[in-house]
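*Asks:* Shown below is the structure under consideration.
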Amino acid sequence: MNDDSFEKSKILRILDLARAANNQQNPDQAIALIGKLGLDVAELALERERAEARLILAEAYTAKGDPLAETLFEETFELLSHLSIQQTTLEIRAHEHFGDYLRCFAKRPSLARQHYENAKAKAVDLHMEEDIARIQLKIETIELAMDKSPEAANLATLKRVAKQWGFTCAEQLAAWLHHKGEVTRQDQGLRFARNKGQSDERYFKYLLDMVRMKT
């Protein structure tokens, strides 16, 4: 292995470790790891790695709720736009996670939704079913919050039940869409007890189980 290949392998490993640190909710470790890379050197072969390093930093500062995340995402989008080979999966991550920052910390739901829609469109192009569903659930959350809909509590209950029992995002979305259809038809409440339009955990567990059995 030549020196360039060895250095690139080390960089890829550090990126893997930094990504894992973010996934394990340890943003400070991710920031420290990226700080060791020195990817500002203008080497064409490392253009993707520079973009991902900046994205990992943006994700880490998002986890910390730090406004620096916004600048880092803007830099990430700039780097991604100049890549010689388009990196759609990185673009999906950047749009989705910038949407997370805008929704959860900057409190700009309309702009967050635009980024979620961008991420979803790119995921649709790649037929990434689980990613599409995960992002759509975030869009649903924004819409309910902006409308001050009482259904927001129902979606939160569904997500809580799904996490407890290990249901996928695709299964959650299918169950949620079924629930929305039931609400529209005003047929809910015949099988499970309701309280002022709120559905209990048993109801959503039933819907999720029903979805899983059909797939």
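*Asks:* In Å², and per residue, what accessible area does the chain have when probed at 1.4 Å with the other protein chains present? Display every interim value, and only then the final one.
*Replies:* Values: 12120 Å² over 215 residues.
With the other protein chains kept in place, the chain gives 56 Å² per residue.
*Asks:* Still on this structure: Would you pull out the residues with amide H under 5 Å of Arg108's amide H, same chain only if 5 or more places away, H placed 1.01 Å from N?
*Replies:* Those lying under 5 Å, H to H, from Arg108 are Arg103.
*Asks:* Stretch Ser149-Lys36 to full length: gain in nm at 0.36 nm per residue minus the Cα-Cα span?
*Replies:* 36.0 nm
*Asks:* Turning to a different aspect of this structure: For a 24 Å ceiling on Cα separation, which of these pairs sit above it: Lys138/Lys163; Lys122/Lys214; Lys64/Lys205; Lys138/Lys180; Lys107/Lys148?
*Replies:* As for pairs spanning more than 24 Å Cα to Cα, those are Lys122/Lys214; Lys64/Lys205.
*Asks:* Moving on to the next point. For Ala45 and Lys107, compute 0.36 nm times the residue count separating them, minus their Cα-Cα distance, and round to one decimal in nm.
*Replies:* Difference between extended and current length: 18.6 nm.
*Asks:* Turning to a different aspect of this structure: In whole Hz, what ³J(HN,Hα) sequence does region 123-131 give by Karplus (6.51, -1.76, 1.60; θ = phi - 60°), x for Gly and Pro?
*Replies:* 5, 4, 4, 9, 6, 8, 4, 5, 5
*Asks:* What angle do you read, to the nearest 10 degrees and between 0 and 90, between the alpha-carbon axis of helix 3-23 and the longest principal axis of the chain?
*Replies:* The helix 3-23 is inclined about 30 degrees to the chain.
*Asks:* On to the next question. What is the distance in Å between the Cα centres of region 74-123 and region 140-174?
*Replies:* The distance from the Cα centre of region 74-123 to that of region 140-174 comes to 22 Å.
*Asks:* Say we join alpha carbon atoms closer than 10 Å with springs in a Gaussian network model of the chain; which of Lys159, Lys148, Lys64 then has the biggest fluctuation?
*Replies:* Lys148
*Asks:* Got a sec to turn the phi values of region 48-55 into Karplus ³J(HN,Hα) couplings, 6.51 cos²θ - 1.76 cosθ + 1.60 with θ = phi - 60°, whole Hz, x for Gly and Pro?
*Replies:* 5, 5, 4, 5, 5, 4, 5, 5
*Asks:* Using R₀ = 30 Å, calculate the FRET efficiency as 1/(1 + (r/R₀)^6) where r is the Cβ-Cβ separation of Lys10 and Lys64; round to 0.05.
*Replies:* Here the calculated transfer efficiency is 0.70.
*Asks:* Using a probe of 1.4 angstrom, how much of the accessible area of the chain is carbon and sulfur, in percent?
*Replies:* 52 percent
*Asks:* I've got another one for you. With θ taken as phi - 60° and the coefficients 6.51, -1.76 and 1.60, list the Karplus ³J(HN,Hα) couplings across region 143-151 in order, rounded to whole Hz; mark glycine and proline as x.
*Replies:* Karplus-based 3J(HN,Hα) across region 143-151 equals 4, 5, 5, 5, 7, 6, 7, x, 5 Hz.
*Asks:* Can you give the charge dipole size of region 1-117 about its Cα centre, rounded to the nearest 20 debye, using +1 on the beta carbon of Lys and Arg and -1 on the beta carbon of Asp and Glu?
*Replies:* For region 1-117, the charge dipole is close to 420 debye.
*Asks:* Which aspartates and glutamates does Lys8 reach when only Cα atoms under 16 Å apart count, and residues fewer than 8 places away in its own chain are ignored?
*Replies:* Asp16, Asp40, Glu43, Glu47, Glu49, Glu52
*Asks:* Then there's this: Return the calculated 222 nm mean residue ellipticity for the chain, to the nearest 500 deg cm²/dmol, obtained by summing -39500 (n - 2.57) across DSSP H runs with n ≥ 4 and dividing by the residue count.
*Replies:* That comes out to -24500 deg cm²/dmol.
*Asks:* Just order 198-206, 53-61 by mean Cβ neighbour count inside 10 Å, highest at the front, would you? Present the calculation step by step, with values, prior to reporting the outcome.
*Replies:* Working: 198-206: 17.8, 53-61: 25.0.
Put in order of decreasing packing, that is 53-61, 198-206.
The values are calculated or read from the model by the stated rules, or taken from the named source; none is laboratory data. Computed from a predicted structure; not experimentally measured. Quick reminder, even Gly has a Cβ in these numbers, built from the backbone with ideal geometry, and neighbours come from all protein chains shown. The protein model used for the area step is the full one, side chains on, heavy atoms only, and it has no ligands, DNA or RNA in it. Shrake-Rupley method; radii C 1.70, N 1.55, O 1.52, S 1.80 Å.
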